[in-house]
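Peer 1: Encoded as structure tokens, here's the structure I'll be asking about.
The values are calculated or read from the model by the stated rules, or taken from the named source; none is laboratory data. Everything numeric here is computed off the predicted structure, so don't read it as measured data. Backbone-built Cβ (ideal geometry, glycine too); neighbour counts: all protein chains shown.
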Amino acid sequence: MNPITLPIAELKPALAGLGKVINPRATLPVLHHVKVERTGDGWIALTGTDLDRFVTMRLEHPAEGPPMAVLIPYDQLVQITKNCGKDERIHIEPGCIKFALADSLGEQKVKHFPIEEFPVTPRIKTEAIALPPELRRSIHEAMECASVDATRYVLNGTFIDTSNPKANYIVGTDGRHLYSANSFTLPLKNSVIIPNHKFLGWKEFNADGEWQMKVDEKAVQLSSRRWRFISKQIEGNYPNWRQTIPSPDDARTHIILDPAKLEMLIKLIQRMPCHDAEKFQTIGLECKEGQLLLLGKDSSNEPWTRVPVLDAKAEGPEALIFLSRRFLIKALDYGLNTISIIDQIAPLRFHNKGRQMIVMPLRPDGANTQPPPNQQPAQVNMPPPRPVLPAAPPPKSMITNPTPEEPTPNGTPSPLEEALDLTLQIRDKFTDGFNLLRDLSTKLKAVHRDHKNSSREFNSVRSTLRSLQGLKL
């Protein structure tokens, strides 16, 4: 029998990619295996799955030999590969793995597992759609803004909105900030929600050439030159994200940053003191006399430290607004160098050409946000650099976040501010009710999905038992 030969140099990255989809805690033993096959054309491919997602990697060169497919335990392949040199090869045969051992071949037995038990890889028969680098970049940026909350499963993906055939949008949100990008037109009949997965951000997959996408009613496929990722689409209706986008005409104050100085500005933001680093990571933006100032402080009972930002141009009325610095850093890292502000309680809009990020503002902690009459903006004696801390868990909805409201100079809220607080509290109560209903619906869908997966696994076990009953000793 002609074995399947796997070069270690290609097998190691293949196992690293397959390991991102293979679940070590899967209840079905077959899901702990890698399908190694040689096609009729001689191409050798390795496939791993967790039932909902399939990852396949094809080797660089075809090989001679008849078609063959075997299942090899993933952990066993990893262990053998670790003990082999980069220039070596292993040989796969039914029931064993052969590898170099001194001047001969060593052999390790593999427990037989029927190839028929391995889940069938879905085949999407639609035409492939090329995804240019700019579109792939937008997909990655939207993924980084998507939710990871399992109770809001519909937000755990990147939304390709095709409701406008002439201008498709890539959207991602977690309820506290929202990213969107347009200027794309894809030949898609319906909108798609691509489930976010760590494999899609893996360096090897992104360095393997241009992406191609295939979509049908149930699944989506993203492939490169040698890799292929197939996943079920996220079911459900994506929220009407356009409602959260403030009208550009409503913005009164605009901050324009030098694109070449964004990296330096990010480092400056990281150096700013932060009094609530474990919660909101609040930072202030103040536009005054055409200049942009960053506001931060080490503790809540201290006055705000104001640091001017050079090479930043502020246009429009004076403004003061607070937000999470991790969102500010993310927007700048994306190259969104224009900030549009409506007022203290309206969302901020970071934008650059066809890409934008909408961020909900925060409320300051009640300390006086105005500097004393004789205080000048601080320009020196900055605190030492401090690392960016992990992001706080997001609230349930963008519109239920605390919003900034600067107190009067004597520290006592005015009647107008108190009335505004009451309206916000009433709005939040209604919003909480709608959020609970939406979360309940999402949880019921998750329970239904788990029930379907359990039924599938039970049917697989039952078919295995039936096959065992037919064996004759």
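Peer 1: So Ser224 clears everything in (1) touching a residue at least 24 places away in the same chain (Cβ under 8 Å); (2) in contact with a strand residue (DSSP E or B) (Cβ under 9 Å, 6 or more places away or on another chain); (3) of a type outside the set (D, E, K, R) except one condition, right? Which one?
Peer 2: (1)
Peer 1: Working only within region 125-140, note down all residues that are modelled with pLDDT of 95 or more and closer than 30 Å to Ala26 by Cα.
Peer 2: Passing the criteria: Ile139, His140.
Peer 1: Picking from Leu268, Leu262, Leu323, which residue would you name as being crowded, with 21+ Cβ neighbours inside 10 Å and either touching a helix residue (DSSP H, G or I) at 6+ places or on another chain (Cβ under 7 Å) or farther than 30 Å from Arg123 by Cα (or both)?
Peer 2: Selected residue: Leu323, the only one of Leu268, Leu262, Leu323 that is crowded, with 21+ Cβ neighbours inside 10 Å and either touching a helix residue (DSSP H, G or I) at 6+ places or on another chain (Cβ under 7 Å) or farther than 30 Å from Arg123 by Cα (or both).
Peer 1: Out of region 153-200, which residues are touching a Lys or Arg at 6+ places or on another chain (Cβ under 9 Å), of a type in the set (A, V, I, L, M, F, W, C) and either surrounded by fewer than 16 Cβ atoms within 10 Å (Cβ to Cβ) or outside any strand (DSSP E or B) (or both)?
Peer 2: Once the filter is applied, which keeps residues that are touching a Lys or Arg at 6+ places or on another chain (Cβ under 9 Å), of a type in the set (A, V, I, L, M, F, W, C) and either surrounded by fewer than 16 Cβ atoms within 10 Å (Cβ to Cβ) or outside any strand (DSSP E or B) (or both), region 153-200 yields Val154, Phe199.
Peer 1: Do we find that Ser224 is polar (S, T, N, Q), touching a Gly at 6+ places or on another chain (Cβ under 7 Å) and within 18 Å of Met143 (Cβ to Cβ) in this structure?
Peer 2: So Ser224 fits the description; yes.
Here is a yes/no grid of residues against (1) outside any strand (DSSP E or B); (2) surrounded by fewer than 18 Cβ atoms within 10 Å (Cβ to Cβ); (3) modelled with pLDDT of 95 or more:
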position	(1), (2), (3)
Ala16	yes, yes, yes
Asn23	yes, yes, no
Lys35	no, no, yes
Gly40	yes, yes, no
Ala45	no, no, yes
Gly48	no, no, yes
Ala63	yes, yes, no
Leu71	no, no, yes
Asp87	yes, yes, no
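Peer 1: So which strands (runs of 3 or more DSSP E) stay within region 231-309 end to end and still have 3 or more residues that are β-branched (Val, Ile, Thr) and either in contact (Cβ under 8 Å) with a residue 24 or more places away in the chain or assigned by TED's automatic domain parsing to the domain that holds Arg349 (or both)?
Peer 2: 253-257, 305-309
Peer 1: Return the residue satisfying two criteria in turn: it lies in region 100-122 and is outside any loop (DSSP other than H, G, I, E, B) and at pLDDT 90 or above, and of such residues it is nearest to the chain's Cα centre (by Cα).
Peer 2: It comes out as Glu117.
Peer 1: Take Thr39 and tell me if it is at negative phi, touching a residue at least 40 places away in the same chain (Cβ under 8 Å) and within 37 Å of the chain's Cα centre (by Cα).
Peer 2: No: the conditions fail for Thr39.
Peer 1: How about region 128-158: which of its residues are among the β-branched types (Val, Ile, Thr), under 17 Å from the mean Cα position of the chain (by Cα) and closer than 18 Å to Met213 by Cα?
Peer 2: Ile139, Thr158
Per-residue answers, yes or no, for (1) more than 18 Å from the chain's Cα centre (by Cα); (2) under 18 Å from Gln356 (Cβ atoms):
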position: Ile160; (1), (2): no, yes
position: Ala181; (1), (2): no, yes
position: Asp216; (1), (2): yes, no
position: Ile245; (1), (2): yes, yes
